[in-house]
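> This structure is in structure tokens; I'll ask about it shortly.
The values are calculated or read from the model by the stated rules, or taken from the named source; none is laboratory data. All of these numbers come straight from a predicted model, not from anything done at the bench. A quick note on method: Cβ atoms are made from the backbone with ideal geometry, for glycine too, and the neighbour counts reach across all protein chains shown. Just so you know, the surface numbers come from the protein's heavy atoms only, side chains and all, with ligands and any DNA or RNA stripped out. Shrake-Rupley method; radii C 1.70, N 1.55, O 1.52, S 1.80 Å.
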Protein chains: 2
Amino acid sequence: MVQYTAAPLDASFAALSDPTRRGVLELLARADASISGLAEKFRMTLTGMKKHVGVLEKAGLVTTRKVGRVRTCRLGQLGLAAEAEWIERYRQLWEERFGELDKVIGELKLKEEDRGPKDK
Amino acid sequence: MVQYTAAPLDASFAALSDPTRRGVLELLARADASISGLAEKFRMTLTGMKKHVGVLEKAGLVTTRKVGRVRTCRLGQLGLAAEAEWIERYRQLWEERFGELDKVIGELKLKEEDRGPKDK
């Protein structure tokens, strides 16, 4: 199994913390796009979009290639497997932790019902 | 189905972009802890840990409660369901996109084999 160090998770989660960057990823998952095309679609300056694409590129989520005067963006090799894995593991721990609480609440409810059940 | 706006995803992904904060969550998933206890465990100043806990608290990932002079941290109500859902959807799109590429590579390999298969 591949071991992931902390650093890539840092960069990818930070990259995902912006709605424009998440939108760019969703768009590129459907088709490649130029930076100017992306800027237009997200109603943003070219400089602003360049920064967002830069963050995505550093995180390995996007690659860019310049042909002539156009820089085309496409999805990078990072499929967010390690990120999905971390969240999934956390969700399991979280559910176990809240499951304990639910059990206590469930037991309290049962006691309540024993004390005074209401007829239909 | 619950509809999530962009803002909570922003805060939670940003909260996850730090190894100490991810470590705190994993630790709290096992047991509640005081801020000073967390600071000690992560070899960090109290001020530094307070900041990290503040970020986690704002994102809904942790709740704190002060009893006397001790502030205790426990897991918040946010189980990262929306975050898992976003990543899962993206992973599917990503796999479809790279699946197309794999198909092309697979076809090229078949052609290569047709041209000159090696006997055992």
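> Does segment A:100-112 contain at least one residue that is within 21 Å of B:Asp10 (Cβ to Cβ) and open to solvent by 30 Å² or more (accessible area, probe 1.4 Å)?
no
> Further, regarding this structure: So B:Glu100 ticks every box in (1) assigned to a helix (DSSP H, G or I); (2) at pLDDT 85 or above; (3) charged (D, E, K, R) but one. Which box is left unticked?
Condition (2) is where B:Glu100 drops out.
> Looking at segment B:38-45, is at least one residue aromatic (Phe, Trp, Tyr), in contact with a His (Cβ under 9 Å, 6 or more places away or on another chain) and under 24 Å from A:Pro8 (Cβ atoms)?
Among the residues of segment B:38-45, at least one is aromatic (Phe, Trp, Tyr), in contact with a His (Cβ under 9 Å, 6 or more places away or on another chain) and under 24 Å from A:Pro8 (Cβ atoms), which makes the answer yes.
> Let me ask something additional. Suppose we filter A:Ser36, A:Ser17, A:Ser12 for residues that are part of a helix (DSSP H, G or I), within 14 Å of chain B (Cβ to nearest Cβ) and small (Gly, Ala, Ser); which single one remains?
One residue alone meets the criteria, A:Ser12.
Residue by residue, here is whether (1) at pLDDT 90 or above; (2) within 20 Å of A:Ala84 (Cα to Cα) holds:
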{"position": "B:Pro8", "(1), (2)": "no, yes"}
{"position": "B:Ser12", "(1), (2)": "yes, yes"}
{"position": "B:Leu16", "(1), (2)": "yes, yes"}
{"position": "B:Lys58", "(1), (2)": "yes, no"}
{"position": "B:Leu75", "(1), (2)": "yes, yes"}
{"position": "B:Tyr90", "(1), (2)": "yes, yes"}
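> Given the conditions (1) part of a helix (DSSP H, G or I); (2) within 14 Å of another protein chain (Cβ to nearest Cβ); (3) free of Cβ contacts under 8 Å to residues at least 40 places away in the same chain, which single one is not true for B:Lys109?
Here B:Lys109 meets the rest and fails (2).
> Can you report the number of residues in segment A:76-99 which are more than 30 Å from A:Ser36 (Cα to Cα) and open to solvent by 70 Å² or more (accessible area, probe 1.4 Å)?
Residues in segment A:76-99 being more than 30 Å from A:Ser36 (Cα to Cα) and open to solvent by 70 Å² or more (accessible area, probe 1.4 Å): 6 in total.
> OK, next. Among the residues of segment A:76-89, write down those that are part of a helix (DSSP H, G or I) and hydrophobic (A, V, I, L, M, F, W, C).
A:Ala81, A:Ala82, A:Ala84, A:Trp86, A:Ile87
> Hey, could you check segment A:48-70 for residues that are assigned to a loop (DSSP other than H, G, I, E, B) and of a type outside the set (Gly, Ala, Ser) and say which is surrounded by the fewest Cβ atoms within 10 Å (Cβ to Cβ)?
Result: A:Arg69.
> If you check B:Arg30 against the conditions, is it in a strand (DSSP E or B), within 20 Å of the chain's Cα centre (by Cα), basic (Lys, Arg) and under 23 Å from A:Glu85 (Cα atoms)?
So B:Arg30 does not fit the description; no.
> Next question. Let me spell it out: the conditions are (1) within 14 Å of another protein chain (Cβ to nearest Cβ); (2) buried (at least 18 other Cβ atoms within 10 Å of the Cβ); (3) not in a strand (DSSP E or B), and A:Cys73 meets all of them except one. Which number is the exception?
(3)
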